Amino acid sequence: MRKIFGIFMTAVLISVYASASTESHSHAFMQKFVTTRLAVTGDIKNNLNLSVDDLKKFPMQEINMQPLTCQSGRKLKGLGKIKGVLLKDILEKANIISKNHNDVKKMIIIASASDGYKVIYSWSEVFNSPIGDGAMIFIEQNNKPLTDKEGRIAMVSSRDKRTGARHVRWLQKLEVKKIID
Ligand SMILES: Nc1nc2c(c(=O)[nH]1)N[C@H]1C(S)=C(S)[C@@H](COP(=O)(O)O)O[C@H]1N2
Ligand SMILES: [Mo]
């Protein structure tokens, strides 16, 4: 009996220690990915390097997000009410270089995060489909600056079917690229 109790107490102590260390580890883990500026580069006339305050100078939009869904279909927590700038408004300011009439149709925008997570948009989605009205770089969540879990700057494509996939926390860079000739 005492032996069983001893094993039980050891298990309790191990699990308490493990959960405490995961907590602190995960916060430090998140902190190192937090980004405070967004670089915009590639096939554009104006390279940009935007702080949160710079982003606030663009027209601000608000979206009430439904719960996120992973690409696998798994339901996740929602983002709530988010506030930020549409991707297309940032790209208008960056001024995409298009020498020929058909160039833009071969372009993509790569949105990358500090942990290496990357997603792409096509120019046509952003400028010639309803997706563009919901592709947002956000800097506020429920009227507050973002927490370390999202970073100071994040992004989401709110009109996607499964919104988890193009939710990019710790957003760092947008790159415009013509991918075929
Ligand atoms: N920077 C970054 N953003 C990311 C990911 C990631 O690994 N890194 N995972 C994505 C995936 S696959 C999903 S489903 C959602 C999960 O969002 P949640 O952790 O807020 O539930 O975030 C997305 N954003
Ligand atoms: Mo996901």
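Computed values, structure above
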item: 222 nm mean residue ellipticity, helices alone, for the chain (DSSP H n ≥ 4; -39,500 (n - 2.57); rounded to 500); result: -8500 deg cm²/dmol
item: Listed pairs LYS32/LYS144; LYS45/LYS83; LYS32/LYS118; LYS75/LYS106 exceeding 24 Å between Cα atoms; result: LYS45/LYS83; LYS75/LYS106
item: Compactness of segment 85-181 as Cα Rg over 2.2 N^0.38 Å, two decimals; result: 1.09
item: Extension gain (nm, one decimal) between SER51 and PHE29, 0.36 nm per residue minus Cα-Cα; result: 5.7 nm
item: Full-extension gain in nm, ASP181 to SER98, via 0.36 nm per residue minus C-alpha separation; result: 28.7 nm
item: The chain pair-distance distribution - Cα-Cα, 5 Å bins, rounded %; result: 1, 8, 15, 18, 18, 12, 8, 5, 4, 3, 3, 2, 2, 1, 0, 0, 0
item: Packing-based order for 91-97, 121-127, using average beta carbon neighbours within 10 Å, highest first; result: 121-127, 91-97
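Bear in mind that the values in this text are calculations on the coordinates, not laboratory data. Being a predicted model, the structure only gives us computed values, none of them experimental. We place every Cβ from the backbone using ideal geometry, glycine too, and count neighbours over all the protein chains shown.
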